[in-house]
Amino acid sequence: MAHAQSQEHYYIPHGSHWPIIGSIGVATMMVGGATWLNGAEQGRIVLMIGAIITLSMVFGWFGTVIRESESGIYNDQVDRSFRWGMVWFIFSEVMFFGAFFGALYYARIWSMPWLGGEGAGVATQFFLWPGFEAMWPQTANGPAQIGGEFKVMEAWGIPAINTLILLSSGATVTWAHWGLKANKRAQLILGLILTIALGVLFISLQATEYVHAYHELNLTLESGIYGSTFFMLTGFHGLHVTLGAIMLTVILLRSILGHFTPEHHFGFEAVAWYWHFVDVVWLGLFIFVYWL
Amino acid sequence: MSAVAHDDAHHEQHPYWIKRWLFTTNHKDIGTLYLWLSLLMFFIGGIMALIVRTELFQPGLQFVDPQFFLSMTTMHALVMIFGVIMPGFVGLANWLIPMMIGAPDMALPRMNNWSFWILPFAFAMLLSTLFMDGGAPAAGWTMYAPLVLQTGAAFPFLVFSIHFMGLSSILGAINIIATILNMRAPGMTLMKMPLFVWTWLITAYLLIAVMPVLAGAVTMLLTDKYFGTSFFNAAGGGDPVLFQHVFWFFGHPEVYILILPSFGVISSIVPTFARKPLFGYASMVYATASIAFLSFIVWSHHMFTVGMPLAGLLFFMFATMLIAVPTGVKVFNWVATMWRGSLTFETPMLFAIAFIVLFTIGGFSGLMLAIVPADFQYQDTYFVVAHFHYVLVPGSIFALMAAVYYWLPKWTGHMYNERLGKWHFWLTTIFVNLTFFPMHFVGLAGMPRRIPDYALQFTEYNMIETIGAFGFGLSQLLFVYIVVQTIRGGEKATAQVWDGARGLEWTLPSPPPYHSFTTAPEVK
Ligand SMILES: [Cu+2]
């Protein structure tokens, strides 16, 4: 079967025990998390066990695929399947963020003005929240002032710096890609290291910002719809940056080990796409959450 | 010699037991698993429906307490939607798409395995809520805030099981799209693909677009309940209606996820038994695509009575009515395909014809519900229940059954018992109408849904409905018997099975080899 590289031949991977281990791991995590939320402390232990199983699945499954890929048994068709898979996965992520951006949009354009008595909200305001003035973001913790008085996060401090950082990291990862395609391995590795460093810098600044919000601005997850949308959007984004940085680290280690060729490097490209996606989501956040 | 590259050398023989079913990367095995899961959940969800119908046999409260009654309506819907119809059609997609496009298997076989093996865990989690403090979720499958936030210990399990099912659907849909876009045999251009493949391509797109939105919606519920966010809390500047918008942005495309693959099935069966090619192939493709597009801009027709600006009501009313145009094109094309065909009426064809008639009834009642002033009367009555059961039971479920009868000889290599098949068809069709048709009347007369008691004047119709429901449920045991009998033996099926059948899957022997097309067939 050494001639499996040509287009007329198909490749089908052999069976794998990783999917079922993944199901067991994630289900254990969910059961643990749910019992914990229901107030049983032991749930945390179950959650941890599930996380360990899930992580071992991720390592095992990707390890298998990387080994198979490096041994050269994947043909172009497999490569294209992976590409489609990644493209549509990123699309699903876009839609996930879309739900939260939609919530932000709805709150700002509709629900806040209605609570302030606009349009059909006249009676609601008169009977339920007399005197409430809807102003975004000043009173966006709602008529009951949930979470108490708070100050909003200024766009032109850390967030603006973070925008710069993430945009430059998009450039460095592209520079690394050029290095890979031109077979300049040093440029590839340096580009990746720079990208990861910028990513880590971004995450630490974001953490500083959260500390600042909680301790000095009294801006918390519980600060009404403003706090809800602010922390859920930036939080999920931060999680994705963290994940992307971990993925980039794996790619860096693989590059150091001599993986990838100028022609075949789907793993690198998938992570680069993911990184650009995270970048674009941040631009949306910067404009709609921080700036406007 | 086989041209499928394997790193270990098994070709036509396959591994056994755990290795085969748990670790499988084979599209047929995974399709089989999906179909069996779907059948199992069909009976679980069916028992829940029968509990509901038993309580509604007479007015007054007699068998179950109201909380449990609401748990049953909620769980029945979740099980039937996520556990029966969706896995059923994914099972068909797995079995058929590689054979129809001339591929050896799906594009991402290991991910395919995971998409399936998530589901038993997700449903174990969901069904376990029946035994929890506070009972299973009872706020309706639509999970409207703030009511659903009153769910007891079941709440986080409900949310996580929906996340998990969503993950399964997204992975499955990614795989189906990658397969269709990347694994077609040379010459199989997009506009030569069988309509079943087309409808699944569009369905998979819808799945990837809206399942993450549902995940987002239930995540917001979770943080509202446990982490103090205010998405659906007006006191904090949010809005309970926001949940309905996010949910139905998922929910309306979801109903097309449940019905588009049925259109594909019917478009495969009708030409075979009319012995004519499908009338208006290209218009079918465009109609499917238009339905998918429109499905994103009609969601608020589920919320007309919740309070919305007039412009919103008008927009969503007209956009909804517009869907009748591409759907009408489809029904017209099926009828035109049968026109002057040399028709025969084997069981799959019977189910297909019943689908066309009864689904159209469901479509018309949908059109009635789309009219805002009329909807103000129908909202939350049994008329709505009648409507969506007509599109889902003699719609989606009939299409699944038609598909099983149609392709079972291909899958097993045996013909099913035609006499029993016809018995199953007639019993099912009579009982399904007995169950759901009177719901139109009691609904128009004002009987509300999701209430375990009702006014005396609705008694006779409710009794008829309950009798119909039990008849329908029992008839399905016959279906299981026929399927098992066909798997175990029976008259040998030829490769083509039906003399009017066209398409690549009928060029393979029955049953087909373990890897469908090991070398790409030539498509002219
Ligand atoms: Cu709808």
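Computed values, structure above
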quantity: In the A-B interface, the accessible area buried, summed over both sides, Å² (probe 1.4 Å); calculated: 5900 Å²
quantity: Entries in B:LYS192/B:LYS276; B:LYS422/B:LYS492; B:LYS276/B:LYS492 that, when Cα-Cα distance is taken, lie over 21 Å; calculated: B:LYS276/B:LYS492
quantity: Of every Cα-Cα pair in segment B:107-234, the percent that sits beyond 24 Å; calculated: 42 percent
quantity: Percent RCO, i.e. relative contact order, over chain A, from Cα pairs under 8 Å lying at least 6 residues apart; calculated: 16 percent
quantity: Highest to lowest packing among B:80-93, B:365-378, scored as the average C-beta count within 10 Å; calculated: B:80-93, B:365-378
quantity: Cα-projected label distance for A:ILE189 with A:VAL87, points at 7 Å along beta-carbon direction, nm; calculated: 3.4 nm
quantity: Three principal axis lengths of the protein assembly as shown [C-alpha, angstrom, descending]; calculated: 77, 76, 49
quantity: At R0 = 25 Å, FRET efficiency that the Cβ-Cβ distance of B:GLU418 and B:VAL357 yields, to 0.05; calculated: 0.70
quantity: Cα centre as origin, Lys/Arg/Asp/Glu Cβ charges: segment B:25-507 dipole, Debye; calculated: 1300 debye
quantity: Where A:PHE91, B:PHE479 fall by accessible area, highest first, once all protein chains stay in place (1.4 Å); calculated: A:PHE91, B:PHE479
quantity: Debye log10 I(q)/I(0) at q = 0.11, 0.18 Å⁻¹ for segment A:75-291, Cα point scatterers; calculated: -0.63, -1.20
quantity: Given charges at beta-carbon only (K, R positive; D, E negative), |dipole| of segment A:75-291 in Debye; calculated: 640 debye
quantity: Farthest toward positive dipole pole in segment B:25-507 [+1 Lys/Arg, -1 Asp/Glu at C-beta], among B:THR466, B:PHE160, B:LEU408; calculated: B:LEU408
quantity: For residues of A:136-149, the mean tally of beta carbons on other chains within 10 Å; calculated: 3
quantity: Space enclosed by the convex hull of the alpha-carbon atoms of segment A:1-101, per residue, Å³; calculated: 112 Å³
quantity: Calculated P(r) of segment B:25-507 - Cα pairs past 45 Å, %; calculated: 8 percent
quantity: Heavy-atom accessible surface of chain B: percent carbon and sulfur, 1.4 Å; calculated: 72 percent
quantity: Largest-first ordering by accessible area, 1.4 Å probe, given options B:LEU158, B:LEU504; calculated: B:LEU504, B:LEU158
quantity: Label-point separation in nm, B:MET321 to B:LYS524, each point 7 Å along Cα→Cβ; calculated: 4.9 nm
quantity: Estimated FRET transfer efficiency (B:THR507, B:LEU343; beta-carbon r; R0 25 Å; 0.05); calculated: 0.55
quantity: Exercise: per-residue mean of other protein chain Cβ atoms within 10 Å, B:239-251; calculated: 3
quantity: Average accessible area per residue (Å²) across chain A - probe 1.4 Å, nucleic acids and ligands excluded; calculated: 46 Å²
quantity: Backbone N within segment B:15-57 under 18 Å of label point (7 Å from A:SER56 Cα along the Cβ vector); calculated: B:23
quantity: Calculated FRET efficiency for the pair A:GLU41/B:PHE63, C-beta based, R₀ 30 Å, to 0.05; calculated: 0.15
quantity: Accessible surface of B:ARG450 - all protein chains present, 1.4 Å probe, nearest 10 Å²; calculated: 80 Å²
quantity: Exercise: per-residue mean of other protein chain Cβ atoms within 10 Å, A:66-76; calculated: 1
quantity: B:TYR205 accessible area, assembled protein chains, probe 1.4 Å, Å²; calculated: 90 Å²
quantity: GNM flexibility winner over chain A from A:GLY32, A:GLY179, A:GLY142 (Cα, springs under 10 Å); calculated: A:GLY32
quantity: Space enclosed by the convex hull of the alpha-carbon atoms of segment A:88-167, per residue, Å³; calculated: 132 Å³
quantity: Sorted peptide list for B:513-522, B:491-500, A:270-279, criterion being average Cβ within 10 angstrom, highest first; calculated: A:270-279, B:513-522, B:491-500
quantity: Nearby lysines by direct alpha-carbon distance to A:LYS151 (threshold 26 angstrom, same-chain neighbours under 8 apart not counted); calculated: B:LYS225
quantity: Rounded to the nearest 10 Å², the accessible area of B:MET191 at probe 1.4 Å; calculated: 80 Å²
quantity: Cα convex hull of segment A:23-68 - mean projected area over all directions, nm²; calculated: 2.8 nm²
quantity: Dipole magnitude (debye, nearest 20) for the protein assembly as shown, charges at Cβ of Lys, Arg, Asp, Glu; calculated: 1680 debye
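The values are calculated or read from the model by the stated rules, or taken from the named source; none is laboratory data. Note that the coordinates shown come from a computational prediction; the quantities given were computed from them, not determined experimentally. Cβ atoms come from the backbone with ideal geometry, glycine included; neighbour counts cover every protein chain shown. What goes into the accessible areas is simple: the full protein's heavy atoms, side chains included, and nothing from ligands, DNA or RNA. Shrake-Rupley method; radii C 1.70, N 1.55, O 1.52, S 1.80 Å.
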